[in-house]
1. Restrict the check to the stretch 12-23 and report whether at least one residue is out of contact with any Pro (no Cβ under 8 Å at 6 or more places or on another chain) and surrounded by 24 or more Cβ atoms within 10 Å (Cβ to Cβ).
2. Being assigned to a helix (DSSP H, G or I) and either modelled with pLDDT under 90 or under 24 Å from TYR168 (Cβ atoms) (or both), is that true of even one residue in the stretch 23-30?
3. Any residue in the stretch 124-139 that is in contact with a Leu (Cβ under 8 Å, 6 or more places away or on another chain) and crowded, with 22+ Cβ neighbours inside 10 Å?
4. Only one of SER128, SER111 is without any contact (Cβ under 8 Å) to a residue 60 or more places away in the chain, in a helix (DSSP H, G or I) and under 25 Å from SER188 (Cα atoms); which?
5. hydroxyl-bearing (Ser, Thr, Tyr), touching a residue at least 12 places away in the same chain (Cβ under 8 Å) and outside any helix (DSSP H, G or I): is that true of SER41 in this structure?
6. Residues in the stretch 96-105: is at least one buried (at least 17 other Cβ atoms within 10 Å of the Cβ) and not in a helix (DSSP H, G or I)?
7. Condition first: over 13 Å from the mean Cα position of the chain (by Cα), hydrophobic (A, V, I, L, M, F, W, C) and at pLDDT 95 or above. Now tell me which residues in the stretch 57-102 satisfy that.
8. When the stretch 49-95 is examined, which residues are found to be touching a residue at least 12 places away in the same chain (Cβ under 8 Å) and outside any helix (DSSP H, G or I)?
Amino acid sequence: MAKKTTIQKNLELAQLALLSAIIIVMTFVPYVGYISYGMLSITLIHIPVIIGACVLGAKGGSILGAVWGISCIIKAVFAPPSPLEGIIFKNPLIALIPRVIAGAMAGIVFSLIANKTEKKNIGSIISSLVACICNTVFVMGGIYLLYGAKYGEELGIASVNFGGLTKYILAAFGINAVLEIIVGVAVSVPISAALRKIRIK
């Protein structure tokens, strides 16, 4: 593998900084990064993470996932949308770790597909799918395992084990994952392709 030039390294840093800034803005500006419905919200912040993973690789995706997670924790501490979300998303196991995993997995999957098939757009699509599923599974799963009782009380759902809350979480997973995948693919694929062309030039 050829060594990166100074220009390439500076370009990567600039892209990483820009995507990090976008994540921070989307986290703290209302109705930009999160679209709330009921006790849940659909996120759009996975988009710059996926773009970064498809352009900068697993390391870049991990860093951007960490920026997302840390921003989420800061928001939960200082400006939570609700008291319960303030409790839940202060926990790094829910707010931070799933986002780092999502970014890393997106970068790994993209690299594997792009290197073996050279079909980078297909790699971007599958990376979006993987990132969205990882984020939703680990976040919703963490909420269920660690805060199921509190979450159920807030929703007015008495049964946690194999009851109302389980069905609610599964339904929410289906809605969140599908919508986030659709938006992620529609936006991430063309933007990451354009950024890769800049890197090549």
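The values are calculated or read from the model by the stated rules, or taken from the named source; none is laboratory data. Predicted model only: the values in this text are computed from it and were never measured. Ideal geometry is used to build each Cβ from the backbone, glycine not excepted, and the neighbour counts take in all protein chains shown.
1. So far as the stretch 12-23 goes, no, none of its residues is out of contact with any Pro (no Cβ under 8 Å at 6 or more places or on another chain) and surrounded by 24 or more Cβ atoms within 10 Å (Cβ to Cβ).
2. no
3. For the stretch 124-139, residues in contact with a Leu (Cβ under 8 Å, 6 or more places away or on another chain) and crowded, with 22+ Cβ neighbours inside 10 Å: absent.
4. After applying the criteria, what remains is SER111.
5. Here the answer is yes, as SER41 does meet what is asked.
6. The answer is yes; a qualifying residue exists.
7. ALA58, ILE73, ILE74, LEU93
8. ALA79, PRO81, SER82, PHE89, LYS90, ASN91
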